[in-house]
Amino acid sequence: DFVMEETLFEEAKADELHKFLDESERKKSTMKQVRESLPIFKYRQQLLDAVENFQILIIVGETGSGKTTQLPQYLYEAGYCKDGKKIGCTQPRRVAAMSVAARVADEMGTKIGHEVGYAIRFEDCTSEKTRIKYMTDGMLLREFMTEPDLAGYSCLMIDEAHERTLHTDILFALVKDIARFRPDLKLLISSATMDAQKFSEYFDDAPIFKIPGRPYPVEIYNTKAPEANYLTAAVTTILQIHASQPKGDILVFLTGQDEIEQAMENLTVACRALGSKIAELIICPIYSNLPSELQAKIFDPTPEGARKVILATNIAETSITIDGVVYVIDPGFVKQNSYNPRSGIESLQVVACSRASASQRSGRAGRVGPGKCFRLYTQHAYMNELEDNTAPEILRVNLSSVVLTLKCLGINNLIKFDFMDPPSPELLKLALEQLYALGALNDKGEMTKMGRRMAEFPMDPMLSRALLASEKYDCANEMATIVSMLSVSGSVFYRPKDKKLFADRAHANFVITGGGDHLALLNCYNQFVDSGYNMQWCFENYVQYKSMTRARDTRDQLIALMERVEIYTKEASGEENSELTSRNLNPQEISSKSEDIRKSLTAGFFFNSAKLGKSKEGYSTVKRQHTVYIHPSSCLFEVKPQWVIYYELVLTSKEYMRQITEIDPKWLVELAPHFYSKQEIEDSSKRKMPITRK
Ligand code: ADP
Ligand code: MG
């Protein structure tokens, strides 16, 4: 008996092993088939020959042709990593870097982080073994600080070049420069749009390799009249397509996480009401802060009889291709960061997308077969209200972070820097002035010790300045938390439609009197820690668990960086065991440290100061008297303190300040003497008082 059982057991095991091997063989061979069916595959050898013959190559091909996933693999297979060197590929967006790396690891049959890895801000998923490294453009820019000749790379692919993000533009100049003294380095500049001539000219007439695409025709429909609410219109259109159109998934372009969540909610409610009258509709969101487990879901094949609807930000325009899309809904908007050098105001705003964008978006419908694109705007608007192209980011954003990085790389003369499109002198001057006011540069424009320390942090100089100030105010621990929470802030507090009151009550519990949103974030995080990083606690308090764990991971990275510049937090100094520091500050303790923490914040964010106006409604920014409002989500919305600093401005119906803290105006002069005069502060505080003297 025993022997038989033993034999059976062995047999079963062998059987399982065979099954497993079959499975992985099958997977391998279908992967191979899929790879070979991509438009780029036919040009594999020609591409490799071109790389061999030319140091710099411009590559142009339809979205989805296989540039991002295949090219690095071709180079790898052709032996460009033989001597232990890496192939780097940059992406403007973190989600794209992560999802593409996951895909390529899968195609190569390795685990992510081994031969194929990725690096995004605050997350490095690479190892000694990594040969193909996907990363955000910002991360490669930072690598220049530690390895100015990028000696670890044999090939670099600057992907999505047409996006012209700020970091990609800076990279153009830096890689062009190192290519001159590193003849062994291969450079690929890849882009989805046909306007590659400009790239070619910039890179000393590098040859252009066009991957012929074969997209199917896409029928385009416009609305007859403008839509009052494009979100509602989008949801209605989704349901109409679902009810009336043949098989095929739907891709909808929305502007951000909030909008996507709103659409998801409306769609879910509508589907529930329709019940079994309609076929199953699988709703998949994709935006930059989406947790990675959920990112993979959008690629799951749609089950027979169901339909998938992907609610995406601009990320699905060219960075990520989802197979199976036949219908595209394009409301025609995009969220953009823009900076007005005159008002000194930087804000996120929803603006009309360009015609080039609209055309890319509609193109997404024609990958698997003939498709349809529903534009939720009129033909007239298309012709008259959209710009041809989106202006490169470098021409319209605050440059202080990039200028600091360049100064750190020893590039002092920015006027002579080889920009593809040079930013206006006004923008450069503003960046220099801002860095000077923050103490990162001296009056000769040279890097200070403070500047060097600030540059260690991969974030906005205002944030790194606030973090460094925490040393002086003895609140490094707290500031690390606040900065980490700010980096996920859009999505910390959860407010379901049917439980708004409960959610608001739970969130009100985090508020520290006389503080503001930053201290509430700190308090929230500390309670999360005290709960033992508990998911149930998050649920009960209407806090997003995923955002909290991301804040925790970010914080860990930040603490390590702080050690590098010798700011010691409690964790780092090993004081955890002493009685006072063994736990996070409770609300009373935060309250008693409130002034120090807020001063530390002000040391970084003094530019973003605003004062309550006479109407007791709007605020006026201190320097330029620009009218702004407290965002309704702020815990200070009802309080309306006299003086505040804010983290960011968001333009919707009004210009809203988000993440706000009450300050004492005296701090502005104390902390930013180069920027504010005593008189300025006093004048503006006197102005509102009735004149009783004389
Ligand atoms: P390109 O860079 O030219 O736009 P990609 O290399 O990104 O093209 O895409 C090639 C193919 O790989 C597409 O069919 C796309 O759907 C598929 N793909 C990319 N990432 C993933 C993923 N994470 N899961 C499944 N398929 C993917
Ligand atoms: Mg790509």
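The values are calculated or read from the model by the stated rules, or taken from the named source; none is laboratory data. Everything quoted here is computed from the prediction, not taken from an experiment. All Cβ positions, even for glycine, are placed from backbone atoms using ideal geometry, and neighbour counts span all protein chains on display.
Taking only the range 211-230 into account, find how many residues are farther than 30 Å from ILE241 by Cβ and surrounded by fewer than 13 Cβ atoms within 10 Å (Cβ to Cβ).
Looking only at that region, the number is 1.
Pairing residues of the range 432-454 that are over 18 Å from ILE567 (Cα atoms) with residues that are among the β-branched types (Val, Ile, Thr), at Cβ distances under 9 Å and at least 6 apart in sequence or on separate chains, gives LEU432/VAL403; GLN434/VAL403; LEU435/VAL403; LEU441/VAL403; LEU441/THR448; ASN442/THR448. Hey, does the range 408-429 have a residue that's out of contact with any Cys (no Cβ under 7 Å at 6 or more places or on another chain), without any contact (Cβ under 8 Å) to a residue 24 or more places away in the chain and not in a loop (DSSP other than H, G, I, E, B)? Looking for residues that are out of contact with any Cys (no Cβ under 7 Å at 6 or more places or on another chain), without any contact (Cβ under 8 Å) to a residue 24 or more places away in the chain and not in a loop (DSSP other than H, G, I, E, B), one finds at least one in the range 408-429, hence yes. The conditions of being within 16 Å of ligand 2 (Cβ to nearest atom), within 30 Å of LEU649 (Cα to Cα), in contact (Cβ under 8 Å) with a residue 40 or more places away in the chain and buried (at least 20 other Cβ atoms within 10 Å of the Cβ) are met by ASN314. Answer yes or no as to whether GLN625 is modelled with pLDDT of 90 or more and polar (S, T, N, Q). Judged against the criteria, GLN625 is not a match. When restricted to residues that are at positive phi and either within 16 Å of ligand 1 (Cβ to nearest atom) or of a type in the set (Gly, Ala, Ser) (or both), the range 150-194 contains 1.
Scanning the range 184-193 for residues that are away from ligand 2 (no atom under 15 Å from the Cβ) and either at pLDDT below 95 or of a type in the set (D, E, K, R) (or both) yields ASP184, LYS186. Within the range 525-540, one or more residues are under 18 Å from SER634 (Cβ atoms), crowded, with 23+ Cβ neighbours inside 10 Å and modelled with pLDDT of 95 or more.
Checking each residue in the range 101-124 for being within 14 Å of ligand 1 (Cβ to nearest atom) and crowded, with 23+ Cβ neighbours inside 10 Å picks out ALA101, VAL104, VAL116, TYR118. All of THR302, THR268, THR313 fail the test of being within 16 Å of ligand 1 (Cβ to nearest atom) and either modelled with pLDDT of 90 or more or of a type in the set (Lys, Arg) (or both), apart from THR302.
When each of VAL488, VAL492 is tested for being surrounded by fewer than 21 Cβ atoms within 10 Å (Cβ to Cβ), farther than 17 Å from THR602 by Cα, touching a residue at least 24 places away in the same chain (Cβ under 8 Å) and of a type in the set (Val, Ile, Thr), the lone residue that passes is VAL488. Scan the range 349-372 for residues that are buried (at least 19 other Cβ atoms within 10 Å of the Cβ) and either outside any helix (DSSP H, G or I) or free of Cβ contacts under 8 Å to residues at least 24 places away in the same chain (or both) and the total you get is 4.
What do you reckon, is VAL51 within 14 Å of ligand 1 (Cβ to nearest atom), buried (at least 17 other Cβ atoms within 10 Å of the Cβ) and hydrophobic (A, V, I, L, M, F, W, C)? Quick ask: steps written out before the conclusion?
Values: within 14 Å of ligand 1 (Cβ to nearest atom): no; buried (at least 17 other Cβ atoms within 10 Å of the Cβ): yes; hydrophobic (A, V, I, L, M, F, W, C): yes.
Criteria not met by VAL51.
Checked against the criterion of being away from ligand 2 (no atom under 16 Å from the Cβ) and without any contact (Cβ under 8 Å) to a residue 24 or more places away in the chain, the candidates PRO291, PRO301, PRO341 yield just one match: PRO301.
Within the range 376-407, which residues are among the β-branched types (Val, Ile, Thr), closer than 22 Å to LEU649 by Cβ, in contact with a Lys or Arg (Cβ under 9 Å, 6 or more places away or on another chain) and outside any loop (DSSP other than H, G, I, E, B)?
The answer is ILE394, and nothing else.
Annotation note: Cβ proximity below 7 Å between a residue of the range 152-168 that is more than 11 Å from MET135 (Cβ to Cβ) and within 14 Å of ligand 2 (Cβ to nearest atom) and a residue that is β-branched (Val, Ile, Thr) and modelled with pLDDT under 95 (sequence gap 6+ or interchain) occurs for GLU160/THR318; HIS162/THR193. Looking across the range 322-348, the residues that are away from ligand 1 (no atom under 16 Å from the Cβ) and part of a loop (DSSP other than H, G, I, E, B) come down to PRO331, GLY332, PRO341, ARG342, SER343, GLY344.
Let's see how each residue does on (1) closer than 22 Å to GLN70 by Cβ; (2) in a helix (DSSP H, G or I):
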{"site": "GLU261", "(1), (2)": "no, yes"}
{"site": "THR268", "(1), (2)": "no, yes"}
{"site": "ARG272", "(1), (2)": "no, yes"}
{"site": "CYS284", "(1), (2)": "no, no"}
{"site": "LEU290", "(1), (2)": "no, no"}
{"site": "ALA296", "(1), (2)": "yes, yes"}
{"site": "PRO303", "(1), (2)": "no, no"}
{"site": "LEU311", "(1), (2)": "no, no"}
{"site": "ILE320", "(1), (2)": "yes, no"}
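Can you tell me which residue in the range 161-216 is farthest from LYS67 (Cα to Cα), limited to those that are among the hydroxyl-bearing types (Ser, Thr, Tyr) and not in a loop (DSSP other than H, G, I, E, B)?
Of everything passing the filter in the range 161-216, TYR202 is farthest from LYS67 (Cα to Cα).
Counting the residues of the range 232-266 that are without any contact (Cβ under 8 Å) to a residue 60 or more places away in the chain and in contact with a strand residue (DSSP E or B) (Cβ under 6 Å, 6 or more places away or on another chain) gives 3. In the range 32-108, counting only helices (runs of 4 or more DSSP H) that sit wholly within it, the ones holding 2 or more residues that are away from ligand 2 (no atom under 16 Å from the Cβ) and charged (D, E, K, R) span 44-53.
Residues of the range 134-141 include at least one that is farther than 21 Å from PHE41 by Cα, within 16 Å of ligand 1 (Cβ to nearest atom) and either touching a Gly at 6+ places or on another chain (Cβ under 9 Å) or in a loop (DSSP other than H, G, I, E, B) (or both). Within the range 43-71, residues that are farther than 18 Å from ARG214 by Cβ have Cβ atoms under 6 Å from residues that are in a loop (DSSP other than H, G, I, E, B) and within 12 Å of ligand 1 (Cβ to nearest atom) in these pairs: THR68/ASP159, counting only partners at least 6 apart in sequence or on another chain. All conditions in (1) within 16 Å of ligand 2 (Cβ to nearest atom); (2) over 16 Å from VAL368 (Cα atoms) hold for ASP323, with the sole exception of (2).
Can you find a residue in the range 640-655 that is of a type in the set (Lys, Arg) and under 27 Å from the mean Cα position of the chain (by Cα)?
Residues of the range 640-655 that are of a type in the set (Lys, Arg), as a first pass: 640, 654.
If we keep only those that are under 27 Å from the mean Cα position of the chain (by Cα) too, we end up with 654.
Within the range 640-655, one or more residues are of a type in the set (Lys, Arg) and under 27 Å from the mean Cα position of the chain (by Cα).
The criterion of at least 1 residues that are touching a helix residue (DSSP H, G or I) at 6+ places or on another chain (Cβ under 7 Å) is met by the following strands (runs of 3 or more DSSP E) wholly inside the range 597-652: 609-612, 643-651. Taken as a whole, the structure leaves GLN240 outside the set of residues that are closer than 29 Å to THR549 by Cβ and part of a helix (DSSP H, G or I).
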